[in-house]
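Below is one structure, written out as structure tokens, with a few remarks after it.
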Amino acid sequence: MRFAEVIIDINSSSVDKIYDYIVPEDMELQPGMRVVVDFNRRLIEGFVVGIKETSEIHISKLKSVVKLIDSKPVLTGKQLVLAHWMKERYLCHLVEALKCIMPVGSSKSMETARMMITLRVSEDEVVRFISSNSRNTRQVAVLSELLKNKLHPLAASQVIKATGADYSVLKRLKEMGLVDIFYGDVDKNPYTSYRCSLSGKLKLTAEQRMALDEIKKGLDAGSGKYLLHGVTGSGKTEVFLQAIEYNIEKGKDAIVLVPEISLTPQTIERFKSRFNDAVAVLHSRLSEGERADQWKKIRDGKVKIVIGVRSGVFAPFKNLGLVIVDEEHENTYKQSDMRPKYDAREVAEKRCEMEGAVLVLASATPSVLSYYRAQQGQFKLLELKKRINSNNMPCVQIVDMRQELMAGNRSIFSRALYQEIKRALAKREQMILFLNRRGYYTFVSCRMCGFVMKCPHCNISMTYHVEGKLRCHYCGYSEDVPSVCPSCGQKSIRYFGIGTERVEKEIKRLFPEIRVLRMDVDTTRRKGSFERIYNAFKNREADVLIGTQMISKGLDFPGVSLVGVITADTALNFPDYNASERTFQLITQVAGRAGRGDGVGRVIVQTYYPDHYAILCARDHDYEGFYRKEIAFREKTGYPPFSELAVFTLSGLDDEIVMENSKLLYDIINVCNDGSVEVFAPVPALLHKLKDRYRWNIVLKSRHGDKLRRVISLSYDRIKEIGSKDILVSYDINYVTLA
Ligand code: ADP
Ligand code: ZN
């Protein structure tokens, strides 16, 4: 007799263990398959994580597996090991980790094809139907969509999305004999085999060659961890491309992680033009079905390279040889908004260790943590210190905005920046103005009584936008600006703060002939708009691009000679231990956009903290100098990498109850703690009220990650048991920001 070890697909800590079920005689069950089982008299799906000959539990108490979902295992043994590791590291349930690793809707089998729809009658007949039934707008929309696609079958979900019709409309059309609905594969194109267009391959510089040779050694050995520190424009991507090519020659697959797909159109183009169809791109806007399709392609070995965001690290390659994490310092690699709160850089490292693959972390501004680990010998440091074509690094000038005020300049542009803009404009050179705040004015208040217009759902000041509304950037609430102060009734509403919209208006006022593009969340909401703005600027259809940190990433505009940072202080004003690190990274990355073509670029950085080391080191392109100062500060204060940090967040509709529960949790933590964890008293979160919920934080810090996790785990279980049921409690280990 055989027994299956099953993880039940219920997300609850009381169910987060392995249950034994009897495998029926005739069932061909293997580990990694999904099954349906009877769990407390409900039919529930589960993952089979093991099969054994005996069970500790008496057979009379065991039930049989009801049925198989998959005919082949959907999870490998390695993936199961990875899931266990994630459970320990991020304190999540095994089933949460499994669903992350195999992200298909649980009720839908991987083997099940997708619902497809196609026309059953001739084009003429469809056109005739449409002209005589124009009132049935939904039906007409579906048929037009099918016509538009030249009679090829389409995925039903895609048609539904494009037309707004629901399934009943498709069914009705089928009943009328106009369409066919069947199950099949969208990806009808036969797989074209991998070709490497050698023509694109560049002759490497000496630095690039040295870096590549090191990585190749790792690929030969089937292990190795590298930190590639290369200044902006030093040719890191070319090193990746040639490392991947070598990896493919060895018959292996590669994963390339990027912070956000939409921000790296150029990089993806370069990969596609070099490796053609061997590349699959996994971005966050894929539907569940599209995602499952890509997953299947990867699993079946139809692609050799995956370029993806955070979750791409789970790409189910069977023959993984190389994982590259580009812009490894970016916070988007850490999942913060849902469980498991994993870090893709750590998962990548774990996978590489388990699967005999090479890890390459790369950045112009490596995270302090990674650089520290390189110093400790855990990563091999590879450096590209020169820009390609020996282009000089841009010349960075810091402007003290206090001096500007003293000199009577109240404009958002310092005198130096104004002069540079004027000069660039006269020479027809392009420029970028950076500001990490969107909107027009960033807060609105009453001059008489000091009342600030805040969102009624969030305790946060609202932003005034050009169309005349106040908007909350956290929940989307908007309202008109009141003509009198809601508090004192005076006509004394005043506007403060600088957002990207104001920069746009201001520069147009000062230079009426200037052609402006703006790139922020507000101008890129619609699909394709990012690319449109990007291409327009690239084609020199504008003189200036104004944007938020969206424009600080890998974009390469050869025509840009001037970069202006309107204020460098946004990140510095956050009370996070890594505020300096983020400021240094941001200024360096934005400055790196200047002078990538010919000639020396100029960068003007406006700040109220002109003496801050993050700003000074960014000016001097001095990564090591910054690192030395920062690591000394971290060591003195015991912040990461000298400890691990975690935060509990409690939230609820009643501030009083949230506070009381925070105090209760604080006491529980102190009882669980053997003294190896430093626990900070509960405080209201920076975003104290968010979407009508009040929030409190408790921060924990420890040099002993295992003890930290034990305390979190014990106290979490306890507060769930005895705390108020109206309160939500969550934790985040090695969180990115304490908002
Ligand atoms: P990074 O990723 O370090 O910012 P890129 O890889 O984008 O730098 O390289 C910057 C530019 O230099 C790109 O336009 C790239 O095509 C070019 N480039 C890279 N390596 C070489 C090389 N060995 N020879 C000539 N041009 C190169
Ligand atoms: Zn709000």
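The values are calculated or read from the model by the stated rules, or taken from the named source; none is laboratory data. For clarity, every value in this text was computed on a predicted model and none was experimentally measured. So basically every Cβ, Gly included, is an ideal-geometry build from the backbone, and we count neighbours across all protein chains shown.
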### Query
If you go through segment 577-606, how many residues are under 29 Å from residue 405 (Cβ atoms) and in contact with a Leu (Cβ under 8 Å, 6 or more places away or on another chain)?
10
### Query
Of all residues in segment 46-86, how many are in a helix (DSSP H, G or I) and surrounded by fewer than 19 Cβ atoms within 10 Å (Cβ to Cβ)?
8
### Message
I'd like the full set of residues that are more than 16 Å from ligand 1 (Cβ to nearest atom) and not in a loop (DSSP other than H, G, I, E, B), limited to segment 541-556.
### Response
544, 545, 546, 547, 549, 550
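Here's the yes/no breakdown for (1) small (Gly, Ala, Ser); (2) within 16 Å of ligand 1 (Cβ to nearest atom):
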{"residue": "584", "(1), (2)": "no, no"}
{"residue": "590", "(1), (2)": "no, yes"}
{"residue": "630", "(1), (2)": "no, no"}
{"residue": "652", "(1), (2)": "yes, no"}
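Closer than 23 Å to residue 415 by Cα, more than 16 Å from ligand 1 (Cβ to nearest atom) and either in contact with a helix residue (DSSP H, G or I) (Cβ under 8 Å, 6 or more places away or on another chain) or of a type outside the set (Ser, Thr, Tyr) (or both): is that true of residue 526 in this structure?
Considered against the rule, which asks whether it is closer than 23 Å to residue 415 by Cα, more than 16 Å from ligand 1 (Cβ to nearest atom) and either in contact with a helix residue (DSSP H, G or I) (Cβ under 8 Å, 6 or more places away or on another chain) or of a type outside the set (Ser, Thr, Tyr) (or both), residue 526 comes out as no.
Does residue 518 satisfy the criteria of being within 34 Å of the chain's Cα centre (by Cα) and either loosely packed, with under 13 Cβ neighbours inside 10 Å or more than 16 Å from ligand 1 (Cβ to nearest atom) (or both)?
So residue 518 passes the test.
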### Message
If the requirement is being exposed (fewer than 14 other Cβ atoms within 10 Å of the Cβ) and at pLDDT below 95, which of these qualifies: 43, 98?
### Response
43
### Message
Scan segment 438-446 and tell me whether some residue there is over 29 Å from residue 695 (Cβ atoms), assigned by TED's automatic domain parsing to the domain that holds residue 595, surrounded by 19 or more Cβ atoms within 10 Å (Cβ to Cβ) and in contact with a Gly (Cβ under 7 Å, 6 or more places away or on another chain).
### Response
no
#### Entry: Of residues in segment 9-28 being modelled with pLDDT of 95 or more and aliphatic (A, V, I, L, M), the one surrounded by the most Cβ atoms within 10 Å (Cβ to Cβ)
23
### Message
Report every pair of residues separated by at least 6 positions or lying on different chains whose Cβ atoms are under 6 Å apart, first residue within segment 372-383 and touching a residue at least 60 places away in the same chain (Cβ under 8 Å), second surrounded by fewer than 19 Cβ atoms within 10 Å (Cβ to Cβ) and part of a strand (DSSP E or B).
### Response
374/381
### Query
In the list 421, 398, 432, which residue meets the criterion of being surrounded by 15 or more Cβ atoms within 10 Å (Cβ to Cβ), under 21 Å from residue 566 (Cα atoms) and within 16 Å of ligand 1 (Cβ to nearest atom)?
432
## Note on the structure
Taking segment 323-340 and keeping only residues that are more than 16 Å from ligand 1 (Cβ to nearest atom), within 12 Å of the chain's Cα centre (by Cα) and either closer than 16 Å to residue 382 by Cα or touching a residue at least 24 places away in the same chain (Cβ under 8 Å) (or both), one is left with 331, 332, 333, 334, 335, 336
### Message
It is to be established whether one or more residues within segment 498-505 are surrounded by fewer than 17 Cβ atoms within 10 Å (Cβ to Cβ) and under 24 Å from residue 569 (Cα atoms).
### Response
yes
### Task
Could you name every one of the strands (runs of 3 or more DSSP E) located completely within segment 329-412 that has at least 3 residues being within 17 Å of residue 226 (Cα to Cα)?
358-363, 380-384
### Query
Can you tell me which residues in segment 460-475 are touching a residue at least 60 places away in the same chain (Cβ under 8 Å) and either surrounded by fewer than 17 Cβ atoms within 10 Å (Cβ to Cβ) or under 14 Å from residue 493 (Cβ atoms) (or both)?
475
### Message
Quick check on my filter: what residues within segment 485-542 are touching a residue at least 12 places away in the same chain (Cβ under 8 Å) and hydroxyl-bearing (Ser, Thr, Tyr)?
### Response
487, 492, 495, 500, 524, 534
### Query
Would you call residue 151 touching a strand residue (DSSP E or B) at 6+ places or on another chain (Cβ under 6 Å), over 30 Å from residue 388 (Cα atoms) and modelled with pLDDT of 80 or more?
no
### Query
Among the listed residues 730, 651, which satisfies the condition of being surrounded by 15 or more Cβ atoms within 10 Å (Cβ to Cβ) and hydroxyl-bearing (Ser, Thr, Tyr)?
651
#### Entry: Test: residue 296 is part of a helix (DSSP H, G or I) and touching a residue at least 24 places away in the same chain (Cβ under 8 Å)
yes
### Message
Just to be sure before I move on: is residue 515 over 30 Å from residue 332 (Cβ atoms), in the same structural domain as residue 396 (by TED's automatic domain parsing) and either modelled with pLDDT under 95 or basic (Lys, Arg) (or both) in the structure I sent?
### Response
yes
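From 487, 580, grab the single residue that is surrounded by fewer than 21 Cβ atoms within 10 Å (Cβ to Cβ), farther than 25 Å from residue 415 by Cβ and of a type in the set (Ser, Thr, Tyr).
Answer to the selection: 487.
Hey, which of the strands (runs of 3 or more DSSP E) in segment 631-739, taking only ones fully inside, have at least 2 residues that are modelled with pLDDT of 95 or more and among the polar types (S, T, N, Q)?
Ranges flagged: 644-652, 693-702.
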### Summary
In segment 527-548, residues that are closer than 19 Å to residue 264 by Cβ and not polar (S, T, N, Q) total 12
### Members of segment 4-22 found to be in a strand (DSSP E or B) and hydrophobic (A, V, I, L, M, F, W, C), listed by number
4, 6, 7, 8, 18, 22
### Query
Limited to segment 299-318, what total is found for residues that are within 16 Å of residue 332 (Cβ to Cβ) and either part of a loop (DSSP other than H, G, I, E, B) or touching a Phe, Trp or Tyr at 6+ places or on another chain (Cβ under 8 Å) (or both)?
3
### Query
Considering segment 139-157 alone, what residues qualify as being touching a residue at least 12 places away in the same chain (Cβ under 8 Å) and either outside the structural domain of residue 176 (by TED's automatic domain parsing) or out of contact with any Lys or Arg (no Cβ under 9 Å at 6 or more places or on another chain) (or both)?
141, 142, 143, 144, 145, 146, 147, 151, 154
